[in-house]
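Structure, as structure tokens:
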Amino acid sequence: TEEKVLLSNVFHAGDGNLHPNISYDSRDADEVARVVKAGERILAACIEMGGSLSGEHGIGLEKRDAMPLLFGPDDLDRFAQVRNAFNPQGLCNPDKVLPGPKTCVEFRRGVDRGRLRRRR
């Protein structure tokens, strides 16, 4: 790719779900930035070609901040209203599914690196 990353793809032949896997060294800040950029480009390309952000796994931390590429502010607001109706105290999977104050920009600056590293 343009970002010079190592990409492998696993996919479902029957339903079109793609599972791109970008291998990288999380200790290399330049490589991490290129991986994030490549991931953003993959998601944008999927949407441009009529696809969506989610398959059987739904929206998680890696795709959450790309939701505005597919949904408008009114859609996202409605999603938040429904979520808040069922989860008024915000205890269920905080910061997942809907874009929130912690964005990819903060991740690139290193704010979320510890949390992301623990998930692996």
Would you be able to say whether some residue in segment 98-119 is at pLDDT 90 or above and open to solvent by 90 Å² or more (accessible area, probe 1.4 Å)? no
So the helices (runs of 4 or more DSSP H) completely within segment 1-101 holding 2 or more residues that are acidic (Asp, Glu) are 29-48, 73-86
Residue satisfying all of: in segment 57-74; closer than 16 Å to Lys96 by Cα and open to solvent by 70 Å² or more (accessible area, probe 1.4 Å); modelled with the highest pLDDT among these: Pro68
Out of the residues in segment 1-28 meeting the condition of being open to solvent by 50 Å² or more (accessible area, probe 1.4 Å) and in contact (Cβ under 8 Å) with a residue 40 or more places away in the chain, tell me which one is farthest from Ser52 (Cα to Cα). Thr1
Looking at Leu53, is it under 16 Å from Pro99 (Cα atoms), open to solvent by less than 30 Å² (accessible area, probe 1.4 Å) and either at pLDDT below 90 or of a type in the set (Val, Ile, Thr) (or both)? yes
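The values are calculated or read from the model by the stated rules, or taken from the named source; none is laboratory data. As the structure is a computational prediction, the values presented were derived from the model and not from experiment. Every residue, glycine among them, receives a Cβ derived from its backbone with ideal geometry; neighbour counts consider all protein chains shown. Note: accessible area is taken over every heavy atom of the protein model, side chains too, but ligands, DNA and RNA are not part of it. Shrake-Rupley method; radii C 1.70, N 1.55, O 1.52, S 1.80 Å.
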